[in-house]
Amino acid sequence: MPETINGTPVEQPSPETEHQFHHYRGNVIPWYVRMIWIGFWIFTVVYIIRYFFPALQIELLAPP
């Protein structure tokens, strides 16, 4: 049964015709945003090694 809108038949376009209006493009991330993320992760690793692990050892090994 063909689709209708208010009793009027609606013609369905072919997939090839329909596809001509679909132009998908991924989001391009600027180089400086990538550098901010790389800097963030380097800072995170340095912080964990420099401050978090030593403090965690003191807290876990300290007598109650």
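Between the DSSP loop rule and a limit of at most 12 other Cβ atoms within 10 Å, which GluC sites (Glu not before Pro) in region 9-64 are left?
The qualifying sites are GLU11.
Okay, helix-only estimate at 222 nm for the chain: each DSSP H run of n ≥ 4 adds -39500 (n - 2.57), divide by all residues, round to 500 deg cm²/dmol; what do you get?
Estimated from H runs of four or more residues: -14500 deg cm²/dmol.
Taking 0.36 nm per residue of sequence separation and subtracting the Cα-Cα distance, how much length would be gained by fully extending the chain between HIS19 and GLU3, in nm to one decimal? Provide the component values of the computation, followed by the final result.
Values: separation 16, 0.36 × 16 = 5.76 nm, distance 2.02 nm.
Computed gain between HIS19 and GLU3 is 3.7 nm.
In what sequence, largest accessible area first, do THR8, THR44 appear using a 1.4 Å probe?
Output order, biggest surface exposure first: THR8, THR44.
Where in region 35-52 does the amide nitrogen come within less than 20 Å of the point 7 Å from the Cα of GLU59, taken along Cα to Cβ?
44-52
With the other protein chains left in place, how much accessible area per residue, in square angstrom, belongs to the chain at a 1.4 angstrom probe? Working shown, then result.
Numbers: 6870 Å² over 64 residues.
Accessible area per residue: 107 Å².
Using a/c under 1.5 as the rounded threshold, could you call region 17-64 rounded, prolate or oblate? The axes a ≥ b ≥ c are square roots of the C-alpha gyration tensor eigenvalues, and prolate needs a/b larger than b/c, oblate otherwise.
It comes out oblate by the Cα gyration axes.
Which chymotrypsin sites (Phe, Trp or Tyr not before Pro) from the chain combine a DSSP loop assignment with at most 13 other Cβ atoms within 10 Å?
PHE21, TYR24
The values are calculated or read from the model by the stated rules, or taken from the named source; none is laboratory data. Because the structure is predicted, anything quoted here is derived from the model rather than measured. Note that we place each Cβ from the backbone using ideal geometry, even for glycine, and neighbour counts take in every protein chain shown. We work out accessible area using only protein heavy atoms, side chains counted, and drop any ligands, DNA or RNA first. Shrake-Rupley method; radii C 1.70, N 1.55, O 1.52, S 1.80 Å.
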